[in-house]
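The values are calculated or read from the model by the stated rules, or taken from the named source; none is laboratory data. The shown structure was predicted, so the numbers you read here are calculated from the model rather than taken from an experiment. Counting neighbours? That spans all protein chains shown, and the Cβs are built from the backbone with ideal geometry, glycine included.
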Amino acid sequence: MKPILEIIDISKTFRIQHEQKPYLSIRDSISNVFKPLKKSSEDFFALKDVTFDVLPGESVGIIGKNGAGKSTLLKILSKITPPTSGKIISRGRIASLLEVGTGFHPELSGRENIFLNGSILGMKRVEIQKNFDAIVDFSGVEKFLDTPLKHYSSGMQLRLAFAVAAFLENEILIIDEVLAVGDAEFQKKCMGKMEDVSKNQGRTILFVSHQMGMVNMLCNNAILLEKGKISFSGKSFEVINHYNDINFKENAGYELTKEPTGKDIYITRAYLTDSKGKASSNYAFNEEFKLNLSFKVKNPLKNVVLGIIVKDNFGRRIFTSQTDLNNLNISEKGEKEYKFTVRFPHTLLTPNHYSIFCALHIPNIRVIDEINDLCSLNIIDTGSIFSMYEGVDFGCVFANCEWNLLEE
């Protein structure tokens, strides 16, 4: 089977100009008007010798830090900008969703922009008309269909742009980080549509996102870009794990540096410790550890809950644990600092990277204080059952359930 996309030694160079202009007084500036400025330039490689193939029906995630060259690569594949060197062999029509509003005209109505954008994507009028009702229904902009696009919010423009790109029958769909603009419900709707496009319709998807959970859920394979080069490629979960490994920052705890204003209760300190009380971010799979939490009460409140959430390396919530502070009678006491320990039993979390979120809140009313990345946590495999199954995803929680053999 021939690849639907062949990217062969693609490089993209930009020339950066530097003006060596000294700080001058007004008199010196006037006298130097006709003197030539000293200029220098250098070449910056946004992409360098990027080579990979994409097979028909394959979903490929492209990940990496900001400035790694992801968007530049997609713009080259979408023929928005030409490469400096190398070539691309495409065996299918490409539909791109790169930036909100790309391919739309603000003075035209939503209806007119559907036909305009479809034409830009290489579709014939009859093909656009065939999918017109589905596009409008998915985008949810039916009431505003004859309103000029300049009156649409960025979210409405995104919904319309995604619907056009997804429903028009191009063989290759290229999507940049634009889905982050949409709300959670629309993101879920888009993910469902992209899965349908890839798995049921056999179309090819190239997807750039900083949301690792989305990449892992949608894409079979992934590519990691670093400084314009492919540094790692393979199955999505392998690439994401590699990316998280090289970017994992040990953060064993949190300590408040400045007293906040306007908060009745707030978190002052948090840190992870092993069974001997030593602070660390790294623990073996079969090792117990504790989260030590401190918070201060300035003005007593009722019905306050202290909770923690453990997130995996995709940012997904794994489990929640919380305690009701009513048991402390803090509503009856003045200013005071309280301390908690939360014990994590051994073999609870499978080997991987995690982070801990903490919040003080009154349920269904308001959040009083919250710390997103309170502590980083790395569970290390020490020759457990997981090492016997290389490449198998065991999930995040290892449940020590009770197993009983029933006698006949």
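Tell me, yes or no, whether region 260-273 has at least one residue that is closer than 30 Å to V215 by Cβ, modelled with pLDDT of 85 or more, in a strand (DSSP E or B) and not aromatic (F, W, Y).
yes
Got at least one residue in region 105-115 being of a type in the set (K, R) and touching an Asp or Glu at 6+ places or on another chain (Cβ under 8 Å)?
The answer is yes; a qualifying residue exists.
Output the number of the condition that G140 fails; it satisfies all remaining conditions of (1) buried (at least 17 other Cβ atoms within 10 Å of the Cβ); (2) without any contact (Cβ under 8 Å) to a residue 60 or more places away in the chain; (3) not aromatic (F, W, Y).
(1)
From the list N216, N251, which one is under 15 Å from the mean Cα position of the chain (by Cα) and either surrounded by 14 or more Cβ atoms within 10 Å (Cβ to Cβ) or under 19 Å from S96 (Cα atoms) (or both)?
Of the residues listed, the single one that is under 15 Å from the mean Cα position of the chain (by Cα) and either surrounded by 14 or more Cβ atoms within 10 Å (Cβ to Cβ) or under 19 Å from S96 (Cα atoms) (or both) is N216.
Name the one entry in V239, V310, V297 that is crowded, with 16+ Cβ neighbours inside 10 Å and more than 26 Å from M191 (Cβ to Cβ).
Only one candidate passes the filter, namely V297.
Which of the strands (runs of 3 or more DSSP E) contained wholly in region 291-408 include at least 2 residues that are modelled with pLDDT of 85 or more and under 27 Å from M217 (Cα atoms)?
305-312, 317-324, 352-362, 366-380
In region 62-97, which residues are under 23 Å from M217 (Cβ atoms) and either in contact with a Leu (Cβ under 6 Å, 6 or more places away or on another chain) or assigned to a helix (DSSP H, G or I) (or both)?
I63, G64, A68, K70, S71, L73, L74, L77, A95
Return the pair list, or none, for Cβ contacts closer than 8 Å from residues in region 8-19 that are closer than 8 Å to P83 by Cα to residues that are acidic (D, E) and at pLDDT 90 or above, at least 6 apart or on different chains.
Once the first residue is closer than 8 Å to P83 by Cα and sits in region 8-19, its partners that are acidic (D, E) and at pLDDT 90 or above give I10/D49; S11/D49.
For region 226-243, which positions are of a type in the set (G, A, S), within 21 Å of G213 (Cβ to Cβ) and in contact with a Ser or Thr (Cβ under 9 Å, 6 or more places away or on another chain)?
S236 - this is the single residue of region 226-243 that is of a type in the set (G, A, S), within 21 Å of G213 (Cβ to Cβ) and in contact with a Ser or Thr (Cβ under 9 Å, 6 or more places away or on another chain).
Could you grab me the full set of residues in region 268-299 that are more than 17 Å from L348 (Cα to Cα) and either of a type in the set (D, E, K, R) or in contact with a Gly (Cβ under 7 Å, 6 or more places away or on another chain) (or both)?
Answer for region 268-299, where residues must be more than 17 Å from L348 (Cα to Cα) and either of a type in the set (D, E, K, R) or in contact with a Gly (Cβ under 7 Å, 6 or more places away or on another chain) (or both): R269, A270, Y271, K276, K278, A279, K296, K298.
The rows are residues; the columns are (1) aromatic (F, W, Y); (2) under 20 Å from D53 (Cβ atoms); (3) modelled with pLDDT of 80 or more.
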residue: K188; (1), (2), (3): no, no, no
residue: G192; (1), (2), (3): no, no, yes
residue: L206; (1), (2), (3): no, yes, yes
residue: M217; (1), (2), (3): no, no, no
residue: I223; (1), (2), (3): no, yes, yes
residue: S231; (1), (2), (3): no, yes, yes
residue: K235; (1), (2), (3): no, yes, yes
residue: E238; (1), (2), (3): no, yes, yes
residue: K249; (1), (2), (3): no, no, no
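Tally time: how many residues in region 104-130 are assigned to a loop (DSSP other than H, G, I, E, B), of a type in the set (D, E, K, R) and either closer than 18 Å to D146 by Cα or within 33 Å of the chain's Cα centre (by Cα) (or both)?
Here the count works out to 1.
If L168 satisfies all but one of (1) modelled with pLDDT under 85; (2) crowded, with 18+ Cβ neighbours inside 10 Å; (3) among the aliphatic types (A, V, I, L, M); (4) under 20 Å from M214 (Cα atoms), what's the number of the condition it fails?
Here L168 clears every test but (4).
Quick grid of which residues meet (1) within 29 Å of E238 (Cα to Cα); (2) in contact with an Asp or Glu (Cβ under 6 Å, 6 or more places away or on another chain); (3) outside the structural domain of T261 (by TED's automatic domain parsing):
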site	(1), (2), (3)
N352	yes, no, no
S355	yes, yes, no
N364	no, no, no
V367	no, no, no
N372	yes, no, no
